[in-house]
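What follows is one structure encoded as structure tokens, with my remarks underneath.
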Amino acid sequence: MHTNNPPTHHREQEAGPRSLWSRLGGGSLSVSIMVHAVILALGVFWIFQIIPEKKQEVDFIPKGGGGGQPGAKAETNMKKRATMTTMNAPRLAAKGASSSFTLPEPDPASATSSVGALGSSGMAAGLGGSGSGGGKGSGKGKGFGDGMGPGMGGGAGKMNPFGALNPNANALVGTFYNLNHRSSGEVTDTDNAKQAKIIHDFVTRNWNEIELNKFLKAPQKLYQTKIYLPAMNAAEAPSAFGLTPDPHPRWIVVYRGTLTAEKTTKFRFVGAGDDTMVVRFNGRNVFDFGYNPGTIPLDLGPFKAALRGKERFHGALHDCPMEPPVTFYTYPTTVDWNGNLGGLAAGPEQSVVMGHDYPVEILIAEGCGGLFAASLLMEETGATYERCSTGAPILPLFRTDASVPSGVKGDNTPPYDPKGPVWKVNSAQGFRDI
């Protein structure tokens with residue numbers, strides 16, 4: 001029986017022989033590869049569309065050059081922070097005073113630092129040299145050392161006379177209170193008599209700052225190594241501590257610390273305050289002299305007469321630590337104090353033993369407005385000092401670092417011996433912040 005379909009081998013011969021690639025399924029594989037390649041290309045294009053190009057920040061100046069000077073980037077950041085911190089801080093000026101002294105703008109390094117300490121080798125010339133800068137290595141800059149700096153010492157710039165912003169292990173800690181406002185911000189009715197009582201109660205009742213905390217307390221503490229404040233506008237002093245200047249100033253600053261005696265000696269405090277300066281040393285009041293004495297609720301008239309007497313104070317004056325007859329020193333640069341106070345006064349003699357610790361507290365205050373000034377020196381028993389044209393001895397400052405004020409001129413700036421002793425602050429025995 002015959003069929004119409006030709007034999008299979010005949011059809012194969014008619015179609016021709018198949019290639020090895022076809023027999024292995026190469027056609028399907030090629031199509032699959034082409035499809036995947038298209039998908040991959042689309043995926044890569046999509047990824048580059050949604051991921052933005054990362055721009056590399058270029059710093060053309062090398063990074064931090066040393067222990068003192070930060071790198072360009074760090075220094076720029078410091079300036080930005082300082083600008084944000086200090087752009088609204090007014091400059092302090094002594095309006096109506098003969099002094100040419102002005103408070104400087106806060107230094108960026110001081111305004112932004114939170115921790116710092118001055119070593120004895122770097123106190124004399126301010127903030128500079130090797131130390132705590134923004135970079136790595138060694139160099140000159142904002143660290144603590146021997147260079148010229150705008151901060152704590154007698155460098156090129158003038159410092160805030162109320163103290164430095166940097167926490168300083170060898171400084172007294174200063175706290176500012178505005179008596180015109182309560183801690184809530186409410187305005188008070190404090191007048192001269194009430195302020196005199198506030199100060200009297202504070203300095204005769206163990207210097208307990210809980211009594212002062214009812215008043216507006218400045219957010220900024222300052223770190224003071226000496227009391228040498230020339231005549232300045234008292235209304236602007238609050239801004240040194242971060243508060244708004246007050247046109248009718250009534251304020252108190254309390255400096256605290258614990259000192260270690262470097263040698264066994266006897267000495268006495270010498271100075272004056274406008275309006276008030278009181279010193280407590282080793283737990284008792286040892287000095288109080290100014291227009292408004294803090295330890296007596298009286299005005300200066302009877303107080304001045306009593307100071308020149310020969311009997312110990314009694315009655316309302318019994319809390320006063322001064323021992324009559326009080327010694328007074330006048331200087332050519334303290335004309336105001338010479339005429340109105342009789343000069344700078346000397347307190348009673350104190351004794352210290354080398355290596356022993358002595359807590360010290362210093363109160364300065366303003367209550368009448370106008371100009372403010374205060375200076376505190378010390379006179380060692382038996383020491384020989386040079387004398388000025390008035391015959392008064394040129395005494396060393398009472399200080400806790402080796403630096404001396406620089407460029408300070410004007411009234412109520414007594415001359416001082418720059419080679420006097422330097423007290424060491426025992427920071428481990430500091431006062432509790434109340």
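The values are calculated or read from the model by the stated rules, or taken from the named source; none is laboratory data. Being a predicted model, the structure only gives us computed values, none of them experimental. Positions of Cβ are generated from backbone atoms using ideal geometry, with glycine treated the same way; all protein chains shown enter the neighbour counts.
Structural remarks
- Filtered residues of the stretch 242-278 (kept if among the β-branched types (V, I, T) and assigned to a strand (DSSP E or B)): I252, V253, V254, T258, T260, T265, V270, T276, V278
- Residues of the stretch 202-231 classified as without any contact (Cβ under 8 Å) to a residue 60 or more places away in the chain, loosely packed, with under 14 Cβ neighbours inside 10 Å and not basic (K, R), total: 2
- Here P324, P359, P348 are screened, and the one residue that is over 31 Å from the mean Cα position of the chain (by Cα), within 22 Å of H200 (Cα to Cα), surrounded by fewer than 23 Cβ atoms within 10 Å (Cβ to Cβ) and at pLDDT 95 or above is P348.
- Any chance M354 is surrounded by fewer than 19 Cβ atoms within 10 Å (Cβ to Cβ), in a loop (DSSP other than H, G, I, E, B) and modelled with pLDDT of 90 or more: yes
- Scanning the stretch 315-334 for residues that are touching a Ser or Thr at 6+ places or on another chain (Cβ under 9 Å) and not in a loop (DSSP other than H, G, I, E, B) yields a total of 2.
- Between G407, G391, the distinction of being loosely packed, with under 14 Cβ neighbours inside 10 Å, at pLDDT below 95 and over 28 Å from T204 (Cβ atoms) belongs to G407 only.
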